[in-house]
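The values are calculated or read from the model by the stated rules, or taken from the named source; none is laboratory data. Everything numeric here is computed off the predicted structure, so don't read it as measured data. Here the Cβ positions follow ideal geometry from the backbone for every residue, glycine too, while neighbour counts run over all protein chains shown. We work out accessible area using only protein heavy atoms, side chains counted, and drop any ligands, DNA or RNA first. Shrake-Rupley method; radii C 1.70, N 1.55, O 1.52, S 1.80 Å.
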Amino acid sequence: MKKIFLLATAFAFTVGAMAQTPVKADDVIKMNTETHDFGKIKQSVPVTYIFEIKNISDKPVVVSNASASCGCTVPEKPEQPIEPGKTAPLKVQFNAPAVGPINKDVYITLAGVDAPKVVHITGEVLTPEAYEEYMKTKSKDDKGQKPKN
């Protein structure tokens, strides 16, 4: 009889543990944007964007790690816990070694959350010569526009 009781108790705990839904990053944080487009940038000149992480939960959130899909992208995670209702910066620096389109992922790992939150950076890397030409053309286009009120 004891064995049946113990087996039933163990089964109940197992079912209860399996029924728990995993916490998702979107349940505890909200980003100011999911993707940042750098536009056209010059090769080998670092650019930076600061994503904002807002804690939408009722408990402090700890960013345990921030990593990127390549070595040319370097995220800097907040060092302190993010209090409920508060925001913290996630600085992402990109240094383009090669010419071409940018499509990189940044992974934000939160303590107690199974899957990381993923944000993206996009844009296009131009050679220094192509970038200078682009800036000249852009400057001419900007001069021809009417001022904004």
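When peptides 133-141, 83-91 are sorted by average Cβ neighbour count within 10 Å, with the highest value leading, the order is 83-91, 133-141.
With a/c under 1.5 counting as rounded, go ahead and sort the stretch 42-149 into rounded, prolate or oblate using the C-alpha gyration tensor (a ≥ b ≥ c being the square roots of the eigenvalues; past the cut-off, prolate if a/b is larger than b/c, else oblate).
On the way: a/c = 3.61, a/b = 1.83, b/c = 1.97.
Oblate, because a/c is 1.5 or more while a/b does not exceed b/c.
Rounded to the nearest 0.05, what FRET efficiency do residue 118 and residue 80 have when you use their Cβ-Cβ distance and R0 = 22 Å? Working shown, then result.
Values: r = 22 Å, r/R0 = 1.02.
Using R0 = 22 Å, I get an efficiency of 0.45.
Counting lysine pairs in the stretch 48-149 whose alpha carbons fall under 28 angstrom apart, excluding pairs fewer than 8 residues apart on the same chain, gives 26. Think of a 1.4 Å ball rolled over the protein heavy atoms: the stretch 93-135 then has 51 Å² of accessible area per residue. In sequence order, the stretch 104-109 has phi-based couplings of 10, 10, 10, 9, 10, 9 Hz under the Karplus curve 6.51 cos²θ - 1.76 cosθ + 1.60, θ = phi - 60°, and Gly or Pro positions carry x. Phi-derived couplings, Karplus 6.51 cos²θ - 1.76 cosθ + 1.60 at θ = phi - 60°, listed residue by residue for the stretch 44-60: 6, 10, x, 10, 9, 9, 10, 6, 10, 9, 10, 7, 9, 9, 9, 10, x Hz, with x used for Gly and Pro.
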